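Laboratory data are not the source of any read-out in this text; all were calculated from the coordinates shown. None of the values given here were measured: they were computed from a predicted structure. Virtual Cβ from ideal backbone geometry, glycine too; neighbours counted across all protein chains shown.
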Amino acid sequence: DAKSAGIGKLRFYQPSLKDKMQERIAFESALKEALTKQEFFLCYQPQVSASNGNTICLEALIRWQHPQYGLVMPDRFIQLAETMGIIAPIGAWVINAACAQLARWHAMGFSDLRVAVNLSAQQLLVSELEQTVSEALQTYHLEGKDLELEITESVLMQDPERAIERLGALQKLGVRLSIDDFGTGYSSLGYLRVLPVNSLKLDRSFVWDMDKGGKGLEICATAIGLAKKLDLEIVAEGVETKEQLAQLRHLGCDLLQGYLFAKPLTVDAADTFLENVHMPWLAAAHPDLGLH
Ligand code: C2E
Ligand code: MG
Ligand code: MG
Ligand code: MG
């Protein structure tokens, strides 16, 4: 202990293995209860048109508000929920909540808006996803095209044959499918020919690198060119600077998402964004953005 460590030596509190295990067990049991305790909520991040700045889509991003742990971000619990085998009901809740919210936005007059939802591996490969999706669309009187499902490359590549089959089933519902974090996984380009997807989301690490003198610019240019050739929509994520914006527009990127436009927003903040931050406002406030 600190006393026996002697003068001049600092000893820091080191949680024992037992403490760590108890901590983890507590976190897991809190996560198990989060759904019934209604501790999850969704934030929405706009994806805007690179040509006119209109909000085309809002990506739903899950948050967990816990009385002790505070606001917990998805990177800390989605993977865990997957290993615990409880991602399916959480994912189904996300689909329903996002569809309910979109129906509200449609009713407010934003009738062309769509919503994007992230899927985890188990959701795509194992659960009764088609039923969840089609029921949610029916319940909220939405069309397939109103909903986009984002799947990461690594999820698709875990079992490509099965992924193709599953995406095909989802495509029959008319929903849009997109490959998230494109460029970071190990997908063979050949799969792009056979995966029934509508769009690619260029990973933010490449976008980040665009104006920093790295190879990001070339990678973005190549990915955008590839998407165009394959007739896929291309979305850039993590757009933070006006330089990135200018380059992405120049390269012909279709949609832009990132802190430059908006961080993930609570529903109230998203309402305000939709009502006030449409193109005339943005163009007037930032003429140098060249968004006309
Ligand atoms: P993602 O789908 O790639 O989502 C984009 C992430 O980048 C979000 O982090 C967003 O806040 C962040 N981001 C957006 N613009 C910028 C930017 O300009 N700069 C920087 N530095 N970051 C930006 P978030 O919300 O923490 O989500 C992290 C990941 O968690 C998501 O990555 C997604 O893979 C996963 N996730 C989020 N919600 C869900 C969900 O409902 N279900 C599943 N299965 N996964 C989810
Ligand atoms: Mg995503
Ligand atoms: Mg992404
Ligand atoms: Mg990402």
Just subtract the alpha-carbon distance of ASP268 and SER16 from 0.36 nm times their residue separation and send over the number in nm, one decimal. 86.4 nm
With the contact rule set at Cα under 8 Å and sequence spacing of 6 or more, what percent relative contact order holds for region 1-114? 18
Comparing ARG193, ARG166, ARG249 in a Gaussian network model of the chain (Cα, 10 Å), the one with the largest mean-square fluctuation is ARG193
Region 128-169 and region 12-85: distance between their alpha carbon centers, rounded to Å: 22
If you take the square roots of the eigenvalues of the alpha-carbon gyration tensor of region 170-267 and sort them as a ≥ b ≥ c, do you get rounded (a/c under 1.5), prolate (a/b over b/c) or oblate? oblate
Please give the FRET efficiency for GLU275 paired with LYS215, using the beta carbon to beta carbon distance and R0 = 30 Å, rounded to the nearest 0.05. 0.15
Taking the chain as the reference, fit the longest principal axis to its C-alpha atoms, fit the long axis of helix 74-83 to the helix C-alpha atoms, and give the angle between the two in degrees, 0 to 90, nearest 10. 80
Extended-chain gain in nm, criterion 0.36 nm per residue less alpha-carbon gap, ALA26 and ASP231: 69.0 nm
Restricting to DSSP H runs of at least four residues, report the calculated mean residue ellipticity at 222 nm for the chain, -39500 (n - 2.57) per run over all residues, nearest 500 deg cm²/dmol. -13500 deg cm²/dmol
For the Cα atoms of the chain, what angle does the longest principal axis make with the long axis of helix 267-276, in degrees from 0 to 90, nearest 10? 30
Sorted by mean Cβ packing within 10 Å, highest first, what order do the peptides 108-121, 14-27 take? 108-121, 14-27
Looking only at VAL94, VAL207, VAL267, which one moves most when the chain is put into a Gaussian network model with springs between Cα atoms under 10 Å? VAL267
Which order do peptides 30-38, 172-180 fall in by mean Cβ count within 10 Å, highest first? 172-180, 30-38
In degrees rounded to 10, the 0-90 angle between helix 17-34 Cα long axis and the longest Cα principal axis of the chain is 40
In a Gaussian network model of the chain with springs linking alpha carbons closer than 10 Å, the residue among ASP181, ASP146, ASP209 that fluctuates most is ASP209
Check which residues have an amide H placed less than 5 Å from VAL72's amide H, if you skip close sequence neighbours. TRP64, GLN65, HIS66
